[in-house]
Amino acid sequence: QVQLVESGGGLVQPGGSLRLSCAASGSVWRISAMGWYRQVPGAQRELVARVHNGGRIEYADSVKGRFTISRDHDKDTVNLQMNNLNPEDTGVYYCRTDSLIKGYDSWGQGTQVTVSS
């Protein structure tokens, strides 16, 4: 099992920046990718950004050019630098690890990001 601890959410004005961090522990050898998902009330969680073990990175179209995901393999952490935030970025952000073994994906507890003036 992989345990995830997130930090860095909060309230920010439009145009501002936030940095989310997620630290993994436990069976980290199972991780094939680390990423961030966002959920708003009444909707499913959607992918924001993900980085795979081989370095391939995916971004949601809505965040390309504004968000940057980075992963530290030595520390088993993944960060999401969010710039030029807008109200549509508001939601609960969840860290997720994809597993090499089917059925062993893990989710963090979620951190609230609110973009409002």
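Scanning the range 45-57 for residues that are at pLDDT 95 or above and loosely packed, with under 14 Cβ neighbours inside 10 Å yields E46, R56.
Criterion first (within 21 Å of I101 (Cα to Cα), open to solvent by 40 Å² or more (accessible area, probe 1.4 Å) and without any contact (Cβ under 8 Å) to a residue 24 or more places away in the chain) does G42 satisfy it? Against the criterion (within 21 Å of I101 (Cα to Cα), open to solvent by 40 Å² or more (accessible area, probe 1.4 Å) and without any contact (Cβ under 8 Å) to a residue 24 or more places away in the chain), G42 does not qualify. Quick check, is L85 under 21 Å from V2 (Cα atoms) and surrounded by 15 or more Cβ atoms within 10 Å (Cβ to Cβ)? Considered against the rule, which asks whether it is under 21 Å from V2 (Cα atoms) and surrounded by 15 or more Cβ atoms within 10 Å (Cβ to Cβ), L85 comes out as no.
Entry remark, the range 77-112: residues being free of Cβ contacts under 8 Å to residues at least 24 places away in the same chain and within 11 Å of the chain's Cα centre (by Cα) number 0 in total.
Applying the selection to the range 16-31, what residues are small (G, A, S), open to solvent by less than 50 Å² (accessible area, probe 1.4 Å) and not in a strand (DSSP E or B)? Let's see the steps before the verdict.
Going residue by residue through the range 16-31, those that are small (G, A, S) are 16-17, 21, 23-27.
Then keep just the ones that are open to solvent by less than 50 Å² (accessible area, probe 1.4 Å); that gives 16, 21, 23-24, 27.
Hits for the range 16-31 are G16, S27.
Checking each residue in the range 99-109 for being of a type outside the set (F, W, Y), modelled with pLDDT of 95 or more and open to solvent by 20 Å² or more (accessible area, probe 1.4 Å) picks out only Q109. In the range 32-39, is there at least one residue being open to solvent by 50 Å² or more (accessible area, probe 1.4 Å), under 14 Å from the mean Cα position of the chain (by Cα) and over 14 Å from L20 (Cα atoms)? Taking every residue of the range 32-39 in turn, at least one turns out to be open to solvent by 50 Å² or more (accessible area, probe 1.4 Å), under 14 Å from the mean Cα position of the chain (by Cα) and over 14 Å from L20 (Cα atoms).
One residue is enough: does the range 60-71 have a residue meeting the conditions farther than 19 Å from Q1 by Cα, without any contact (Cβ under 8 Å) to a residue 24 or more places away in the chain, crowded, with 19+ Cβ neighbours inside 10 Å and not basic (K, R)?
Narrowing the range 60-71 to residues farther than 19 Å from Q1 by Cα: 60-71.
With the extra rule that they be without any contact (Cβ under 8 Å) to a residue 24 or more places away in the chain, the set shrinks to 60-61, 64-68, 70.
Subsequent filtering for residues that are crowded, with 19+ Cβ neighbours inside 10 Å retains 67.
Pick out the ones that are also not basic (K, R) and you get 67.
So far as the range 60-71 goes, yes, one or more of its residues are farther than 19 Å from Q1 by Cα, without any contact (Cβ under 8 Å) to a residue 24 or more places away in the chain, crowded, with 19+ Cβ neighbours inside 10 Å and not basic (K, R).
The values are calculated or read from the model by the stated rules, or taken from the named source; none is laboratory data. The structure presented is a predicted model; accordingly, all values stated were derived computationally and were not measured. So basically every Cβ, Gly included, is an ideal-geometry build from the backbone, and we count neighbours across all protein chains shown. Keep in mind that these areas ignore ligands, DNA and RNA; they rest on the heavy atoms of the full protein, side chains included. Shrake-Rupley method; radii C 1.70, N 1.55, O 1.52, S 1.80 Å.
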